[in-house]
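Step one of this worksheet: look at the structure below.
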Amino acid sequence: MRAIPVASVALLGAAALSACVPAGAVGSNTFGFTVSPATVAPGGEVTLGVGRTAAGCRGRVTVTSPVFDTVTIPRHESSATARVDRDARRGAVYQVTFACRDKTGTVDLTIAGGGPHHPTDEPRHPKGVHAGEGGSVAGFDVKQIGLGAVLIAGAVGTAYHLSRRRSGEGGA
């Protein structure tokens, strides 16, 4: 019987720890090449990073992918940004290739979504909430209104009865 709570705590702890992994650690490799975020919508921006540690690359890095133009990260910088093509296929996973002298690495980049999408340059306007059907019109229920009226009448009647009873006791 004690094994079930222990297993539950262990699973919840593992889930909590996995949720705390830094965003840069997702989609990285041994040379410190990163793509953040690892999932992006078509037309969105990603940050391409390179670790400038002893194991990482110290020179200029060339980053290529089928979903954005070639980007160069200068040797004195550790990151650059790239804009993902608007016509990138939703739900697809593309490889991002980092090349630095003799070191090469790949990181996966996932395109958000999965359904058909036709990109447009028109701005999107939020539709807002569906309002105007609060309490008085929507779900008009005679039984609930009647029950509410009975409860209110009972409370008022009880309060009146108790107040009259007290005033009569005090005068005797």
Residue that is nearest to the chain's Cα centre (by Cα) [pool: residues in region 78-96 that are under 23 Å from T53 (Cβ atoms) and among the hydrophobic types (A, V, I, L, M, F, W, C)]:
A82
If I ask for residues that are touching a Cys at 6+ places or on another chain (Cβ under 6 Å) and modelled with pLDDT of 80 or more, which ones from region 43-58 would you list?
V50
Quick count over region 44-98, residues being aliphatic (A, V, I, L, M) and open to solvent by 40 Å² or more (accessible area, probe 1.4 Å), is 3
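The values are calculated or read from the model by the stated rules, or taken from the named source; none is laboratory data. Quick caveat, the model's predicted, so the values are computed rather than measured. In this analysis, Cβ positions are derived from the backbone assuming ideal geometry, glycine residues included, and neighbour counts consider all displayed protein chains. Areas reflect the complete protein model, heavy atoms only, side chains present, ligands, DNA and RNA absent. Shrake-Rupley method; radii C 1.70, N 1.55, O 1.52, S 1.80 Å.
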